[in-house]
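> I am attaching a structure below and will ask some questions about it afterwards.
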Ligand SMILES: Nc1ncnc2c1ncn2[C@@H]1O[C@H](COP(=O)(O)OP(=O)(O)O)[C@@H](O)[C@H]1O
Ligand SMILES: [Mg+2]
């Protein structure tokens with residue numbers, strides 16, 4: 001069984017959440033982890049052993065202080081070797097246990113990441129164009145990484161923090177049960193004092209604290225991200241007030257929480273290390289009745305008890321903080337599971353082959369979550385013809401365009417390409433058929449050449465240049481010192497919105513698909529450039545089936561069909577001439593448009609300038 005399919009069978013989400021889910025995930029590597037835990041437990045015994053042997057050694061020397069000849073040399077040597085052995089075993093087992101837990105952890109991380117990657121591949125493309133990209137990255141990186149903490153470190157920490165007090169207390173009982181009772185008396189009291197933090201009120205406070213922390217973090221991000229807008233509109237003070245309000249709210253709650261739990265937490269910490277308080281009186285009481293050798297014996301034993309008794313507090317305290325850490329890890333796990341259970345885009349077994357490139361929307365409705373965006377949209381785009389979508393912003397044009405490439409599935413109705421439902425074509429074949437220039441351009445952190453070549457991996461450099469020429473971006477690229485080898489983005493060259501748009505247009509041209517969807521592909525271009533791009537496009541688009549979304553109406557006056565989209569419906573349809581004749585939305589848009597354009601022309605002629 002391969003690692004990835006192991007993931008599919010065992011790590012897949014099954015409704016469990018929180019710590020049980022975390023344990024279930026760790027459980028996929030239980031063999032490693034159980035073995036590592038056993039080693040960790042033995043390591044703790046080895047860790048405590050030197051304390052016991054040194055104690056026995058000192059005791060042997062002190063008891064024979066008056067008569068050195070009586071010291072059992074063989075016994076002393078044996079204790080010496082056991083001490084050394086304990087230290088060595090502790091080292092070796094700790095190392096081996098950690099190796100095993102890290103092997104388990106990193107193979108689990110690998111499996112989760114492979115599982116997430118496989119899952120993302122089955123998700124609708126639209127999933128990624130939404131505002132989720134940042135959070136997907138966080139899930140794949142941070143949230144998965146946190147699981148490493150639990151599997152590689154926390155499990156063994158817990159084992160050690162539980163076993164160390166048990167072994168220590170066991171050893172103390174072995175040496176002197178009366179003093180041992182003194183050591184353990186304060187422990188239950190300590191946990192009792194801590195109760196208030198785990199009471200319903202305490203947990204409520206913790207939840208509230210987490211909420212305010214999240215609110216504060218959200219505001220901080222928004223504050224920083226919105227800084228340009230804030231500055232441009234001189235809203236620094238107002239924005240800062242909101243930011244400050246959340247920071248204060250967080251501070252106030254934290255202080256309140258600290259005040260409420262200060263007493264019980266202090267009680268907890270004090271009692272946890274209060275061993276001597278109970279050991280010493282018992283020791284004094286016992287000493288009163290002991291004489292000579294028994295007295296020396298008791299004094300050495302008391303030192304052992306004070307030392308080990310104090311050492312019990314540390315692991316118990318660590319155990320408390322571990323719980324808080326693990327709760328944090330489980331919140332990240334919930335995010336991972338959200339991705340793993342998100343609805344997928346079903347793929348057909350063997351896809352239908354479209355027989356042509358005509359597009360047909362049949363009574364299509366669509367909603368993003370609750371918000372209905374398209375409502376009964378029907379139209380056809382005959383093969384080889386050009387259809388333009390126009391209308392007010394937010395009307396649903398982009399959504400229509402993206403549905404052709406099946407970024408999402410329709411809510412109801414059907415979208416046909418060449419007589420086949422896009423859901424039955426299969427995403428690979430559909431991707432080959434449809435080339436889209438998205439309204440939101442996405443370029444990779446790579447060279448300009450590779451960004452364009454993404455449209456067609458087999459293209460030669462000359463093909464890339466030819467596509468760039470059509471998109472009117474060649475001259476610009478050529479003017480860069482490194483030309484087509486220029487890296488885009490961080491550490492490289494930043495392109496303006498218009499330049500990015502033209503690179504992505506070149507990418508779509510290079511793809512040379514029979515269906516082309518252009519979503520405001522020239523929105524950033526100035527009128528002169530736009531006209532040039534359009535002329536060049538005419539040749540490469542000849543014979544293709546085209547859907548074009550334009551916000552400058554004069555660019556689409558000679559297309560075969562114009563659909564006017566408003567609030568999720570087609571309100572008018574026809575040629576430019578038809579629509580001007582109907583006194584409707586298109587006519588009004590055209591009037592506004594021509595006025596604005598004349599104003600532009602005036603500007604060009606220097607009237608306004
Ligand atoms: N990814 C998305 N998630 C949620 N709502 C969206 C998303 N994309 C667009 N919308 C909403 O859908 C409506 C139509 O948007 P869109 O198709 O982009 O219109 P247009 O391209 O005509 O401006 C708008 O109200 C917009 O806010
Ligand atoms: Mg749009």
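> If you line up the long axis of helix 18-27 against the longest principal axis of the chain, both from Cα atoms, how many degrees apart are they, to the nearest 10?
Helix 18-27 sits roughly 80 degrees off the main axis of the chain.
> For the stretch 149-263, I need the span (max minus min coordinate) of the C-alpha atoms along each principal axis, in Å, sorted largest to smallest.
Answer, in whole Å and largest first: 76, 33, 19 Å.
> Could you give me the percent of Cα pairs per 20 Å distance bin for the chain, shortest bin first, beginning at zero and ending with the bin that holds the maximum distance?
Per 20 Å bin, starting at 0, the Cα pair percentages come out as 14, 33, 26, 16, 9, 2, 0.
> Please report, in whole Å³, the volume per residue of the convex hull around the C-alpha atoms of the stretch 296-429.
Roughly 184 Å³ of hull volume per residue.
> Also, quick follow-up: Starting with the highest mean, order 491-497, 298-304 by the number of other Cβ atoms within 10 Å, averaged over the residues of each peptide.
Details: 491-497: 12.3, 298-304: 18.1.
Top of the packing list down: 298-304, 491-497.
> Additional query: Ranked from highest to lowest mean number of other Cβ atoms within 10 Å per residue, what is the order of the peptides 511-522, 89-100? Please report the intermediate quantities before stating the final value.
Details: 511-522: 22.2, 89-100: 17.4.
In descending order of packing, they fall as 511-522, 89-100.
> I want the antiparallel fraction of DSSP beta bridges within the chain, as a percent rounded to 5.
Details: 20 of 38 bridges.
Of all bridge pairs located within the chain, approximately 55 percent are antiparallel.
> I'd like the orientation of helix 275-289 relative to the chain: the angle between its Cα long axis and the longest Cα principal axis, in ° from 0 to 90, rounded to 10.
Taking Cα atoms only, the helix is inclined about 10 degrees.
> In degrees, nearest 10, range 0 to 90: what is the angle between the Cα axis of helix 73-122 and the longest Cα principal axis of the chain?
Approximately 20 degrees, to the nearest ten.
> Find the all-direction average of the projected area of the Cα convex hull for the stretch 359-604, expressing the result in square nanometres with one decimal place.
Averaged projected area of the stretch 359-604's Cα convex hull equals 14.2 nm².
> Using only DSSP helix segments of four residues or longer, with each worth -39500 (n - 2.57), what per-residue ellipticity at 222 nm results for the chain after dividing by its residue count and rounding to 500? Numbers along the way, then the final one.
Numbers: 27 runs with 383 residues, N = 609.
Result for the chain, helices only: -20500 deg cm²/dmol.
> Now for a different question. If packing is taken as the average number of other Cβ atoms within 10 Å across a peptide's residues, how do 383-389, 318-324, 65-71, 528-534 rank, most packed first? Write down the numbers at each step before the final one.
Numbers: 383-389: 19.9, 318-324: 13.9, 65-71: 8.7, 528-534: 16.3.
Result, highest mean first: 383-389, 528-534, 318-324, 65-71.
> Another question, if that's okay. I need the shape label for the stretch 210-251. Rule: rounded when a/c is under 1.5, else prolate if a/b > b/c, else oblate, with a, b, c from the alpha carbon gyration tensor. Write down the numbers at each step before the final one.
Numbers: a/c = 4.71, a/b = 1.95, b/c = 2.42.
Oblate is the answer for the stretch 210-251, as a/c is 1.5 or above yet b/c matches or exceeds a/b.
A short reminder: the numbers here are calculations on the coordinates, not readings from a lab. The model shown is predicted, which means the values in this text are computed figures rather than measured ones. Here the Cβ is made from the backbone with ideal geometry for all residues, glycine too, and neighbour counts use every protein chain on show.
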